[in-house]
Amino acid sequence: MSRSGGGGKIFTPTNQIRLTNIALVRVKKGGKRFEIACYKNKVLSWRQKVEKDLDEVLQSEIVFTNVSKGQVAKKEELLKAFKTDDQRAICLEILEKGELQVSDKERHANQEASVKEIASIVSDKCINPETKTPYTVSMIESAMKDIHFSLNPKRNNKQQALDVIKQLTTVIPIQRAQMKVRVILPAKEAKKIKEKVIQYITVESEAFEPDLNMVGLIDPGYFRVLEEAIVGPTKGRGSVEVLSLKEMTDTGDSALT
């Protein structure tokens, strides 16, 4: 469907067939129903703050009382219910607080897709620390059932995946796949800073060349903490370099973001 400006109509009775690909968001205020027409799969992205361009979410900045019948809300109705007739502002309120209208079948399919994506993220980021091998997506999905995982529509899938990793430790041995890094500390400050650095790194090798050069493994979540502990106190003369993004056996490396 082509988009139109805030004052134009987005359809007429002769082309209502085009509305089959929209998502409706609805609120009831003052005994009246108000609806907006959005693009499918964009409402949740907006609410999870993944999508930030309103034009990518709204099919039109028009408030309706009934989208399917093409009934546009009257100015006096908007003023009474929302205390304003600013269509964009009202669309934002409905988008934030309204109920997304989806069929049970579609809702179930969306939930299944989200669960699988979360499981895929966890599978990609984690390993079994006892075997140093990754879990398959189906193994993670099974473990998620064991912890009775339920989706949180206010958090995006990546955020929920990080939550799941913590919860899964109660049912399976799991940890973030570690990053291999090289840490360089100026010889003058090396001893003092090393005491703090070794809290975050499992050292595999170290040598003075003439600065202290250490190679080891860290949890990806500690990278920025480690960087701050080195770069600031050494005024940029120290550094942390990522050598590889995953340390695991029997599998290729892939980026952790």
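The values are calculated or read from the model by the stated rules, or taken from the named source; none is laboratory data. Just so you know, these numbers come straight off a predicted model, no measurement behind them. We work out accessible area using only protein heavy atoms, side chains counted, and drop any ligands, DNA or RNA first. Shrake-Rupley method; radii C 1.70, N 1.55, O 1.52, S 1.80 Å.
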(Q) Taking 0.36 nm per residue of sequence separation and subtracting the Cα-Cα distance, how much length would be gained by fully extending the chain between Lys75 and Arg88, in nm to one decimal? (A) 3.4 nm
Q. What accessible area per residue, rounded to a whole number of Å², is obtained for the chain using a probe radius of 1.4 Å?
A. 58
Q.
Suppose we keep just the alpha-carbon trace of segment 27-93; what are its Rg and Dmax in angstrom?
A. 12.1, 34
Q: Starting from the amide H of Leu212, placed 1.01 Å from N in the peptide plane, find each other amide H under 5 Å away whose residue is 5 or more places distant or on another chain.
A: Leu185, Ala187
Q) Pulled fully out, how much extra length does the chain show between Asp146 and Leu162, if you take 0.36 nm times their separation in residues and subtract their Cα-Cα distance? A) 4.1 nm
Q | Cross-link table Lys132/Lys166; Lys145/Lys180; Lys105/Lys166; Lys49/Lys166; Lys132/Lys235, entries beyond 25 Å C-alpha to C-alpha | A | Lys145/Lys180; Lys105/Lys166; Lys132/Lys235
(Q) With a cut-off of 8 Å between alpha carbons and a minimum separation of six or more residues, what is the relative contact order of segment 98-257 in percent? (A) 23
(Q) Ignoring ligands, DNA and RNA, please state the percent of accessible area on the chain from carbon and sulfur, probe 1.4 Å. (A) 50
Q) What residues qualify as long-range amide H neighbours of Lys29, i.e. H under 5 Å apart, gap of 5 or more or another chain, H built at 1.01 Å from N? A) Phe34
Q: Could you tell me what fraction of 2.2 N^0.38 Å the Cα radius of gyration of the chain comes to, as a two-decimal ratio?
A: 1.43
